[in-house]
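The structure appears right after this line, and notes come after that.
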Ligand code: PEP
Ligand code: MG
């Protein structure tokens, strides 16, 4: 048995086989070869296999997400057959007498640079595709899995680190747990694990190797331990603990349908955070009274290109319909920082968390923003939708946003397209927004405090940096005072204020938040019922 430790980001026990996630990026080395003909035969074989894989993906995607979304796999098949691409690879192999992997790597770099420099937006977006097809070829040549979970039974995913764009592509049904060597407890991958309510560890002290693939393991998310090839004693102990946990969860289910009210009669709106429509099942199962944060940027992360107005409309509509009249707060896209999307063409930045992200992108590229707003406003006809804007720092930003919303409404009216009224709120996640909250409260319908970023910016601590996890103190009095100030200023203006950052689920602070008068708490779906239990057992008036 091998035992390793990491930082736990969600409790629970997972028992199953390991699956090692290999990064798609392949390092290629240049090797001189004698037999060029052999390389060209390898190329034809890899190409054939890649086309086969893409055809299977196309058929799967057609069934799951429709033909329009599946089209990308057809485009990739065509790109693999493209004469210029093929000729370039073959020519490098034969003229330089080098290995096929090197020829593919060089061709991928050359072609993607060429596409990226084109004026036409469609051609620009092909830069990422040419890299993708080349990575697929390299994966096949290396005999690797290309990052796709090819398994019928759910597995424990082992990875060096995981970016949000990588996790969104995985089939969540097949994941029992995430265990990463790097990564911070405040990262979006950690948040994703919490949303899925699965045990997860980051900063784990193991060394990744392909040999771990398929080995039996147990993740104990309570103690932050992973056991590889566990002995009988540990297995029995943890199987028992798992059963106890299931029992506790069943007990919590008796709280379904109960009000979120304290012993002394203070009501709280208890909502859930989601990133995707697939999280809705957990929201319903855990009986949240609404959705307090729909991280809409995940729609962009899951797409190969800008999601169209109609694609977004269908998603927002289905969330609103599924929530059947309960409030759904859609946060407009918060792309940037750790949430990178190739087709946005974002340049590398010195300080991405302080950089070109979220509302700054939307205000600089209003076409992208307007497409999303149109989809949200149209979907609001089908339920109780509210919208909120991330990373606000000033009154001017809010006023400009409101002008854009009015422009969008006017355009929709002129086009005789139906839309509903939506409440408009802002996220309070920068110290500037806290300091301006008195004035900002007069401009909007509600506040939602993003404690993840508010902690990062208040304490000047990069939430992505695992070395700083020990310093990232969301209980810091500066953060708590900022929350208090925000709530007071909201109430002064007659609007409500909630918390949608991870701190909202911290049961040791629930009473303090209620005392401050926090009106809404939005947490990962799996944390709704434990929080309801604490709310119902709290008497805010008692010391
Ligand atoms: C936050 O910053 O607290 C928040 C909820 O947004 P995100 O974690 O997506 O940045
Ligand atoms: Mg944030």
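Points worth noting:
- Leading residue by the ranking (surrounded by the fewest Cβ atoms within 10 Å (Cβ to Cβ)) among those in the stretch 175-201 that are part of a strand (DSSP E or B) and in contact with a helix residue (DSSP H, G or I) (Cβ under 6 Å, 6 or more places away or on another chain): 178
- Hits in the stretch 202-221 (condition: touching a residue at least 60 places away in the same chain (Cβ under 8 Å) and part of a helix (DSSP H, G or I)): 210, 212
- From 443, 414, 439, 429, residue being out of contact with any helix residue (DSSP H, G or I) (no Cβ under 7 Å at 6 or more places or on another chain) and either within 26 Å of residue 362 (Cα to Cα) or without any contact (Cβ under 8 Å) to a residue 60 or more places away in the chain (or both): 414
- Exactly one residue among 455, 486 is in contact (Cβ under 8 Å) with a residue 24 or more places away in the chain, crowded, with 21+ Cβ neighbours inside 10 Å, away from ligand 2 (no atom under 14 Å from the Cβ) and under 28 Å from the mean Cα position of the chain (by Cα), and that residue is 486.
- Taking the criterion of being within 13 Å of residue 528 (Cα to Cα) and surrounded by 15 or more Cβ atoms within 10 Å (Cβ to Cβ), the residues of the stretch 251-273 that qualify are 252, 255, 260, 268, 269, 270, 271, 272, 273.
- The stretch 160-174 - residue that is in contact with a strand residue (DSSP E or B) (Cβ under 9 Å, 6 or more places away or on another chain) and assigned to a helix (DSSP H, G or I) and, of those, nearest to ligand 2 (Cβ to nearest atom): 164
Okay, residues lined up against (1) over 17 Å from the mean Cα position of the chain (by Cα); (2) more than 16 Å from ligand 2 (Cβ to nearest atom):
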position	(1), (2)
299	no, yes
302	no, yes
306	no, yes
344	no, yes
347	yes, yes
351	yes, no
363	yes, yes
367	yes, yes
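All of the numbers you see were taken from the coordinates with simple rules; none came from a lab. Not measured: the values here are computed from a predicted model. A quick note on method: Cβ atoms are made from the backbone with ideal geometry, for glycine too, and the neighbour counts reach across all protein chains shown.
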